[in-house]
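These notes concern the structure reproduced below.
The values are calculated or read from the model by the stated rules, or taken from the named source; none is laboratory data. Note that the coordinates shown come from a computational prediction; the quantities given were computed from them, not determined experimentally. Positions of Cβ are generated from backbone atoms using ideal geometry, with glycine treated the same way; all protein chains shown enter the neighbour counts.
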Amino acid sequence: MTRRNNPLPRFQRLLSRAKKTGLREPAAMILATADPQGRPSVRTVLLKEVDARGFAFYTNLRSRKGRELAANPRAALCFYWEPLEAQVIVEGGVKPISRREADAYWATRPRESQIAAWSSLQSKPLSRRTLLLARFARYARRFAGRPVPRPPDWAGLRVVPDRIEFWRRRPFRLHERQLYVRQGSRWKVRRLYP
Ligand SMILES: Cc1cc2nc3c(=O)[nH]c(=O)nc-3n(C[C@H](O)[C@H](O)[C@H](O)COP(=O)(O)O)c2cc1C
C-alpha cells in the first residue's frame, strides 16, 4: 500500500494531537451499528488500538451492539475532536479480535474494572443499583487472591475500514472534506464539497 494515499498515518497523527489537547477521552468514538432490519443504534466506545488491521474496541457481546454486529457485521465510527476542529468518520466490516489478544488486553485492565465486568448482566434491566453493588461484592469475594479471568462474553472487535473521511473546519463554512475509499490494497482519495 502506498504511504502517500494511506489514511492511517494521517488518522494516527490526528489522534496523537487529540491526546495532547487535555481532552478527557480523546479516544472516544461514536459507534453505529444496525440490526438486520436496518434500524440504526449508536453509543460511545473507546478506541483501544489502531493499526493496519483496523480500529479495535472491547465490549460485551451480549450488548445490543454485540448482538447487532453478530447479525450484521458492519459498523461506522465517528470521532469529533472539538479542540482540533476535526471529525473523522470510518466505515467498514467488523471482525473479532483473537482470544489471545483479548486476554492480553484484559490483563492490563484494573482489577476493579475486571470485577465490574463480571458484575454486569449486560444491558438487562436493573431495578436497584444496590443489586449491582452486591454482585460486585460477590465477584470480588469469588476471585479473592487470584487473577480475574476474562468473562466469556467480554471480547474485542475490530472495524476494518473501507472508507475514511476527514473533515476539518475552515472559515466561512468552506470546510475541507477528504474521502479515502479502499480499492483492493490501495486507497483512492478525493475531495468532497462541504
Ligand atoms: C466515554 C465512554 C466510553 C465508553 N467506552 C465503552 C467501551 O469501550 N466499551 C463498551 O462496551 N462500552 C463503553 N461505553 C458504554 C457504552 O456507551 C454503552 O452504554 C454500553 O456499551 C451499552 O451499549 P449498547 O447497549 O448500545 O450495546 C462507554 C461510554 C462512554 C460515555
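So, of the residues in the stretch 25-59 that are within 24 Å of A102 (Cα to Cα) and in a loop (DSSP other than H, G, I, E, B), which turns out to be nearest to the ligand (Cβ to nearest atom)?
Checking each candidate, the answer is E25.
Looking at the stretch 64-85, which of the residues that are surrounded by 18 or more Cβ atoms within 10 Å (Cβ to Cβ) and small (G, A, S) is farthest from the chain's Cα centre (by Cα)?
G66
Keeping to the stretch 12-22, report how many residues are within 14 Å of the ligand (Cβ to nearest atom) and out of contact with any Leu (no Cβ under 9 Å at 6 or more places or on another chain).
Matching residues across the stretch 12-22 total 0.
Please identify the pairs in which a residue from the stretch 26-54 that is of a type in the set (G, A, S) has its Cβ atom under 7 Å from the Cβ atom of a residue that is assigned to a loop (DSSP other than H, G, I, E, B), counting only partners at least 6 apart or on another chain.
Short answer, once both residue conditions are applied: A27/L47; A34/N72.
So, of the residues in the stretch 60-75 that are within 12 Å of the ligand (Cβ to nearest atom) and assigned to a strand (DSSP E or B), which turns out to be farthest from R43 (Cα to Cα)?
N60
Can you find even one residue in the stretch 76-96 that is of a type in the set (V, I, T), within 15 Å of the ligand (Cβ to nearest atom) and modelled with pLDDT of 95 or more?
The answer is yes; a qualifying residue exists.
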